[in-house]
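The structure appears below as structure tokens.
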Amino acid sequence: MSRITFAEAIKSLNSKAEFKVAEGDINFLEWLNNTTPITKENILAEQARLQTIEDA
Amino acid sequence: MTLTVVKTTALTGTITNAQLAGGIDLTSKVTGTLPIANGGTNSTATTFVNATTNVTGALPIVNGGTGATSFAPGKIGQVVSLASSPNSVSISSGSYTALTDGSIPVSLSITPSAASSKIFCQVSIQARTVGSRGYGINITRSGTQFFATPEQDFYNGLGATDTVDARSNWLAIDSPNSTSALTYAVGVKTNGGNAVGFQQNSAPSSFVLMEILA
């Protein structure tokens, strides 16, 4: 079972989002090309949700 | 040192040039050592000419003279390089954005020693892609792009769930015509704006600049 990345979580919330994020630290997150920001809390929650599905 | 003339008959006084009109057989009639100044050998001296004061004119290049223009001098003026930290970063961007390790950009500064120099750039990037995703790079000099690839310069043509980890390398040459400090930076663009993971598995990116002298 693989780890769900921040990028996968962000794309799950907004498939058109453009960004740069350090996979080891979500605090290094930059939104690109006028993408509407998503809160870190929502990204982490989505990551956890997807990870649960992945691990099932 | 002296010349010794072997006499065949008793002589007194000085031998005149006229008396030598028939010549001297040097192979048999001369003994002793001829002075070096007269063409003799066996010198033990190590210096004969003060080259700092007693030589004028240009010494031929093949004999150690200077001023040669036909040989090629060294061409690499300087080398600067960096390796990013191995921190992985995911980038999703339909336009070029700075490649970083999360916070520190892959960029270098260099000050050419001559305006005629060229800057040779080597970029090495490790990336993880899933099927139908890829990326390209650009290199900017102090904000001006001089090298760019298509956004699918590296492309994973496998299935949607097939992951590929691969290192790719690019070479570029720039003619900045400058002796000012220049900043070279590497950008990436992902095809279709899809996410690509860079510097995966503790594999840093690297960037090398070489100043090539004219």
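The values are calculated or read from the model by the stated rules, or taken from the named source; none is laboratory data. All values reported here derive from a predicted model rather than from experimental measurement. Cβ coordinates were reconstructed from backbone atoms using ideal geometry, including for glycine residues, and neighbour counts include every protein chain displayed.
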Item to complete: Tell me which of these B:S103 doesn't satisfy, since it passes every other one: (1) assigned to a loop (DSSP other than H, G, I, E, B); (2) within 14 Å of another protein chain (Cβ to nearest Cβ); (3) in contact with a Pro (Cβ under 9 Å, 6 or more places away or on another chain).
Response: (3)
Item to complete: Could you check A:K11 against (1) basic (K, R); (2) closer than 19 Å to B:V196 by Cβ; (3) exposed (fewer than 15 other Cβ atoms within 10 Å of the Cβ) and say which number it fails?
Response: (3)
Practice prompt. Kindly indicate whether A:Q47 is over 22 Å from B:T190 (Cβ atoms) and surrounded by 15 or more Cβ atoms within 10 Å (Cβ to Cβ).
Written response: no
Worksheet item: So B:T179 fits all but one of (1) out of contact with any Phe, Trp or Tyr (no Cβ under 8 Å at 6 or more places or on another chain); (2) within 30 Å of A:N34 (Cβ to Cβ); (3) hydroxyl-bearing (S, T, Y); (4) away from chain A (no Cβ under 14 Å); what number is the exception?
Response: (2)
Discussion item. Regarding the range B:117-131, can at least one residue be identified that is in contact (Cβ under 8 Å) with a residue 12 or more places away in the chain, within 14 Å of chain A (Cβ to nearest Cβ) and in a loop (DSSP other than H, G, I, E, B)?
Written reply: yes
Worksheet item: Are any residues in the range A:11-47 of a type in the set (S, T, N, Q) and either in contact (Cβ under 8 Å) with a residue 60 or more places away in the chain or within 7 Å of chain B (Cβ to nearest Cβ) (or both), and if so, which ones?
Response: A:N33
Worksheet entry | Residues within the range B:149-177 that are under 27 Å from A:E8 (Cα atoms) and surrounded by fewer than 19 Cβ atoms within 10 Å (Cβ to Cβ), tallied | 18
Fill in: Which listed residue, of B:S178, B:S168, is modelled with pLDDT of 95 or more, under 31 Å from the mean Cα position of the chain (by Cα) and part of a loop (DSSP other than H, G, I, E, B)
B:S178
Worksheet entry | Enumeration of residues in the range B:86-100 that are of a type in the set (G, A, S), within 37 Å of the chain's Cα centre (by Cα) and within 7 Å of chain A (Cβ to nearest Cβ) | B:S88, B:S95
Practice prompt. Kindly indicate whether A:I4 is facing chain B (nearest Cβ under 9 Å) and either assigned to a helix (DSSP H, G or I) or touching an Asp or Glu at 6+ places or on another chain (Cβ under 7 Å) (or both).
Written response: no
Fill in: Cβ-Cβ under 9 Å pairs, at least 6 apart or on other chains, the range B:154-166 side among the acidic types (D, E), far side assigned to a loop (DSSP other than H, G, I, E, B)
B:D162/B:V130; B:D162/B:G131; B:D165/B:Q200; B:D165/B:N201; B:D165/B:A203
Worksheet item: Tell me, which residue of the range B:46-75 that is hydrophobic (A, V, I, L, M, F, W, C) and within 26 Å of the chain's Cα centre (by Cα) is modelled with the lowest pLDDT?
Response: B:F71
Fill in: Members of the range B:198-214 found to be over 21 Å from the mean Cα position of the chain (by Cα) and either buried (at least 21 other Cβ atoms within 10 Å of the Cβ) or part of a loop (DSSP other than H, G, I, E, B) (or both), listed by number
B:F198, B:Q199, B:Q200, B:N201, B:S202, B:A203, B:P204, B:S205
